[in-house]
Each structure stands twice: as structure tokens, then as C-alpha cells.
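A short worksheet on the structure shown next.
The values are calculated or read from the model by the stated rules, or taken from the named source; none is laboratory data. These figures come from a predicted structure and were not determined experimentally. Neighbour counts are summed over all protein chains in view; Cβ atoms, including those assigned to glycine, are modelled from backbone coordinates with ideal geometry. Accessible surface areas use protein heavy atoms only, side chains included; no ligands, DNA or RNA. Shrake-Rupley method; radii C 1.70, N 1.55, O 1.52, S 1.80 Å.
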Amino acid sequence: MEISVIIPVYNKEEYIDRCFESIFSQPFPSFEVVAVDDGSTDRSGTVCDSWAAKEPRLRVVHVDNGGVTAARRIGYEHSEGRYIMFADADDLLTEGSLQLMHDAIERTQADEVVGPYDDQYGHRHDSGLRGFVEPESLIRDLLAVRSKFCVLWGIIFRRQLLSGCLSAPRVIVEREDSLMQIKCLMRQPRVFFIDQPAYLHYEDVPNSRRETLDWIRIYDNELRETLQPQWQRYQSAFVHHQLKVYEKFIDRRQFHVLRDYYRPLRRQLTSDIPLMDRVAILLPPRLSYYLIHGYKQLLRHAKK
């Protein structure tokens, strides 16, 4: 078996058919799909079972709800492929993507190959990166919450690279994909970027996830532990990551977070952290809101 496509499924009844159609229409000769029904409360599990009854390349695993990271890990444990790809149940693989990604990783002998991705509005999301890229620069982009490349989906991984990287506390439900990728990148893999898309991501799909400080504390602890082997190299980038998350809270007018968690960051600022981010944490939160919100509005208009 060459490729295993792993799909965590939680309450995606209205999307999963088109996801399966995009995968099982691929002409690539050697692949399987492992769909992990993560305790769905809608008919997602039934839809998956209906597909499995007619499609021998699909394996469905039903588990109690444990979160998307656990679902990916369970899918990995039940998979057999030499290479691993991930897809979300509300997204699609582009035509010929399995062959494209397999050819690229075989040709380059990389540990992971990353492509651009498209969205349902016809926009191409392309980092502009090409060829082999140093893991450190990718880690820094992920920590700064500014990555323009696919993080877990839209990538083909050599199976061995993922071993031990698909774990995180259950409560982490945002940026868990970045955490998994950082764990991989800390192993100094060979990462190759291609110029052709392998993935179609549906943006603006509603979800009810809302970060809390309890979640953030746990995430920061997990991230700090992941970076610990090279802490001196990444300490400032870790602080920058915390600042970017703080700004998200302030943009939602959750001003209490400075007092409850983030105030110590004012004593950890270094000159390599962008000036705007340093100013944002030093200003009173209600003033900082206008700086942060105004900047985000400018970025939104620039994308239109």
C-alpha cells in the first residue's frame, strides 16, 4: 500500500459524500482511506459505513469523541500506507493529487512534500516557497501565526516522520495542526515545496470552537515542551507566538486576558519581535484594540 488518506470525521454529514467522491475518483492504483468517526452525533458515521459497504478501499473506525488530533492518530495507527496524507471531511482532493504527491515525494526523496491549495472561491493560496526549505524557517512562520502554506492537509508525509508526533491534550482544538507540524519539523526532516495544488479547502465552514485561557495555557505548555530541545533558538519566537494569540483575544474585546495571563510577556520582549506586536502588549488593552482591529481590517480589505 503506497498512500493512506486519513480523515477525521465529526458531524460532517452534509460534506462527507463529496470528500469521498474526490478521493475515490483518483486513478492512483495503490491507496486506502481511513475515516475515523469521532463520536459524531449526526449521521456522519452512517454515511461512512454506507460508503465502506461498496468501497473496499475505505476503512471506517468508530470511536468515542476524543478530538481531531486523537482521531488522526487513531487513523494513522489503523493505516498501512508507506506515505500518509490527511484530509478534512469538508474538503476535497484535487484531480490527480495522489499521483502528483506520490511522484513528488518519490522523485525528491523528501520526508514531506507540500503543495499550494485552492479554495472554493477559485483563489490559489501559494506560499511562493519552492524546492527544499529549512525546517527552522517553517517553524518560525508557524509560531508567528503567519504561515501561508498547508500545515497538515495538502501534504504527503513519509510514514516514519509522523510516529510520535500525533499527540496533544484533548482540549486543544485550535492550531492543533500547527503543533503537530512543529513536532515533525523539530526532527529536521527534508521538506520540499511544489508549485501544483493537491487540495481544495472550503473556507468559512462554521464551527463553534472558541478558545479560552484554560486551553491556551495547556497549548503553550505543550508547545514549550516541543521546542525545549532547542529552546534558546526558539524562545523569542515562542514569545512572539503568545503575542499573536493575545492579539486575537484583544480583537474579540476580551480585555481581561492581559491581567489573567499575558502581563508577564511585557518583561520578555526582545528586539527581534516586530515593533507592532511589542506596542500591542505594552498599550492598555482597550487602546491596543484599535491598533489591532484596524490592522486586521486593512489586511481584510487588501485581500479583496
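Net charge near Asp49: determine it from the other residues with C-beta under 12 Å of the C-beta of Asp49, scoring Lys and Arg +1 and Asp and Glu -1.
+1
What fraction of the Cα pairs in the range 18-168, stated in percent, has a spacing above 23 angstrom?
More than 23 Å apart: 40 percent of the Cα pairs in the range 18-168.
Over the C-alpha atoms of the range 90-146, what are the Rg and the largest Cα-to-Cα span, Dmax, in Å?
Answer for the range 90-146, Rg first and Dmax second: 13.2, 33 Å.
Of Met101, Met276, Met186, which has the most accessible area with a 1.4 Å probe, and how do the rest follow in descending order? Could the numbers behind the result be given before it?
Values: Met101 0, Met276 55, Met186 30 Å².
So, going from the largest accessible area down, we get Met276, Met186, Met101.
Give the cross-link partners of Lys296 among the aspartates and glutamates, using a straight C-alpha distance below 14 Å as the criterion and excluding same-chain residues fewer than 8 apart.
Glu247, Asp251, Asp277
With every protein chain kept in the model, how would you rank Glu225, Glu112 by accessible area, 1.4 Å probe, largest at the top? Could the numbers behind the result be given before it?
Working: Glu225 130, Glu112 0 Å².
From most exposed to least exposed: Glu225, Glu112.
Which trypsin sites (Lys or Arg not before Pro) in the range 194-295 pass both tests, a DSSP loop state and at most 11 other beta-carbon atoms within 10 Å?
Hits after loop and neighbour filter: Arg209, Arg210, Arg253.
Only helices at least 15 Å long along their own axis, judged from Cα atoms, and with Kyte-Doolittle mean hydropathy of -1.0 or greater: name those in the chain from DSSP H.
44-54, 97-108, 213-227, 231-251, 285-303
Summing Lys, Arg as +1 and Asp, Glu as -1, what charge do residues with Cβ under 15 Å from the Cβ of Ser163 carry, Ser163 excluded? All intermediate terms of the calculation are to be shown ahead of the outcome.
Values: positive: Arg72, Arg73, Arg82, Arg158, Arg159, Lys183, Arg187; negative: Glu77, Glu80, Asp111, Glu112.
Taking every Cβ under 15 Å from that of Ser163, the sum is +3.
Rounded to the nearest 500, what is the 222 nm mean residue ellipticity of the chain from helices alone, with -39500 (n - 2.57) per DSSP H run of 4+ residues and division by all residues?
The helix contribution divided over the chain gives -13000 deg cm²/dmol.
May I ask for the distance between the Cα centers of the range 130-202 and the range 64-78, given as a whole number of Å?
That distance is 17 Å.
On the full set of protein chains, 1.4 Å probe, figure out the accessible area of Ile218 and give it in Å² to the nearest 10.
60 Å²
I'd like the antiparallel share, as a percent to the nearest 5, of DSSP beta bridges with both residues in the chain.
So the antiparallel bridges amount to about 35 percent of the total.
Find how many whole Å separate the alpha carbon centroid of the range 253-290 from the alpha carbon centroid of the range 1-59.
Result: 44 Å between the Cα centres.
Find how much the distance from Arg210 to Ser137 grows on full extension, using 0.36 nm per residue of separation minus their present alpha carbon separation; answer in nm with one decimal.
23.4 nm
Describe numerically, in nm with one decimal, the distance between label points set 7 Å from Cα along Cα→Cβ at Gln188 and at Glu225.
2.4 nm
Order His102, His293, most accessible first, counting only protein heavy atoms with a 1.4 angstrom probe.
Numbers: His102 20, His293 60 Å².
The ordering from most to least exposed comes out as His293, His102.
When only alpha-carbon atoms count, how far does the range 194-294 stretch along each of its three principal axes, as whole angstroms with the largest first?
43, 35, 28
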